[in-house]
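Structure, as structure tokens:
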Amino acid sequence: MKERRPEDRAYFFDEGLRFDGSKCAECGRCCTGAPGTVYMNRETSERIAKFVGLPHEEFLEQYAYPFRNGHSLKEKENGDCIFFKQGRCIIYPVRPTQCRTYPFWPETVRNEAAWNREKIQCPGIGTGKLYTREEIIELVQESIEGDK
């Protein structure tokens with residue numbers, strides 16, 4: 001039996017999806033609310049530590065907790081990302097893969113209804129660059145694999 005790959009099936013986004021990251025309203029809807037895991041490998045955590053001006057081990061102690069074979073960013077008590085401050089991401093240039101690949105996450109592109117729900121929350125969805133089916137699949141795969 002032939003193995004079925006993600007690129008072998010039809011998706012609602014076969015003609016592409018539009019997203020304009022420059023439309024970010026810095027509302028934090030994608031960085032706040034329900035708790036979750038924002039995975040980082042060593043390379044990513046070292047990059048963020050350098051950006052915030054801390055030795056790597058001190059960064060991990062203050063801003064992360066062990067998760068699988070790496071770490072996850074800590075959250076505030078309300079579930080917001082620890083680096084979401086004063087209405088914006090303060091590590092945006094060095095943010096983890098999971099953050100960088102938004103909104104092309106499996107749960108967001110699972111079907112058109114999920115995409116449209118996310119579109120209500122994010123002003124960049126539905127405008128700007130047309131991402132091809134191939135680019136979307138690649139970004140989704142990257143978001144799944146994270147910072148391996």
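The values are calculated or read from the model by the stated rules, or taken from the named source; none is laboratory data. The structure presented is a predicted model; accordingly, all values stated were derived computationally and were not measured. All Cβ positions, even for glycine, are placed from backbone atoms using ideal geometry, and neighbour counts span all protein chains on display.
Only residues that are assigned to a strand (DSSP E or B) and farther than 18 Å from Val52 by Cα were counted across the range 85-103, and they come to 0. Counting the residues of the range 61-84 that are surrounded by fewer than 19 Cβ atoms within 10 Å (Cβ to Cβ) and assigned to a loop (DSSP other than H, G, I, E, B) gives 9. Annotation: of all residues in the range 88-112 being of a type in the set (Val, Ile, Thr) and over 17 Å from Lys74 (Cα atoms), the one that is nearest to the chain's Cα centre (by Cα) is Thr101. With respect to (1) in contact with a helix residue (DSSP H, G or I) (Cβ under 6 Å, 6 or more places away or on another chain); (2) within 27 Å of Arg9 (Cα to Cα), the lone exception for Cys99 is condition (1). Filter the range 131-147 down to the residues that are in contact with a strand residue (DSSP E or B) (Cβ under 6 Å, 6 or more places away or on another chain) and at pLDDT below 85, then identify the one that is farthest from Phe12 (Cα to Cα). Per the stated criteria, the residue is Asp147.
Of all the criteria given as (1) touching a strand residue (DSSP E or B) at 6+ places or on another chain (Cβ under 9 Å); (2) closer than 27 Å to Tyr11 by Cα; (3) of a type in the set (Lys, Arg), the one not satisfied by Arg117 is (1). One residue stands out in the range 104-135 among those that are in a helix (DSSP H, G or I), basic (Lys, Arg) and free of Cβ contacts under 8 Å to residues at least 12 places away in the same chain: the one that is surrounded by the fewest Cβ atoms within 10 Å (Cβ to Cβ), namely Arg117. Each residue in the range 1-60 was checked for being small (Gly, Ala, Ser), modelled with pLDDT of 90 or more, surrounded by 12 or more Cβ atoms within 10 Å (Cβ to Cβ) and in a loop (DSSP other than H, G, I, E, B), and 1 pass.
In the set (1) within 18 Å of Glu142 (Cα to Cα); (2) surrounded by fewer than 18 Cβ atoms within 10 Å (Cβ to Cβ), Gln98 fails one condition alone, (2).
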